[in-house]
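Have a look at the structure below, then the notes.
FYI, it's all coordinate maths here, none of it is from the lab. Every value quoted in this text rests on a predicted model; they were computed, and no experiment measured them. Cβ coordinates were reconstructed from backbone atoms using ideal geometry, including for glycine residues, and neighbour counts include every protein chain displayed.
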Amino acid sequence: MEARPKYRNEFTKEESRQMSIWDFYSNKNSDKEQWGTGLFRYLSNQQILEVFRKALDVKRGKEDYELLKDLVDVFCKEKNLTL
């Protein structure tokens, strides 16, 4: 999906701490959680939906929640998915 400036959303350090990539992704050939292998990490649409669910939970009740919800709605529509 193309990154669109309209949907940019920032997370505070505290919000980011609630959303570790390792909650949604694991290395295929290792049980270690590590960067630095030079590999790209691709997430499936289902993994992305899990990230969005968590992000919406983290942003619930905050000013930028609706902006994030709009992004999720667009993603789901374009990928023919439901949250």
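Given charges of +1 on the Cβ of Lys and Arg and -1 on the Cβ of Asp and Glu, with all other atoms neutral, how large is the dipole of region 42-83 about its Cα centre, in debye to the nearest 20? List each step's numbers first, then the result.
On the way: 8 positive and 8 negative charges, 29 e Å.
For region 42-83, the charge dipole is close to 140 debye.
Once fully extended, how much extra length lies between LYS69 and LYS54, figured as 0.36 nm per residue of separation less the alpha-carbon to alpha-carbon distance?
Values: separation 15, 0.36 × 15 = 5.40 nm, distance 1.17 nm.
Stretched fully, the LYS69-LYS54 segment lengthens by 4.2 nm.
Between GLN18 and LEU43, what is the label-point separation in nm under the 7 Å Cα-to-beta-carbon projection?
Result for the modelled spin labels: 1.6 nm.
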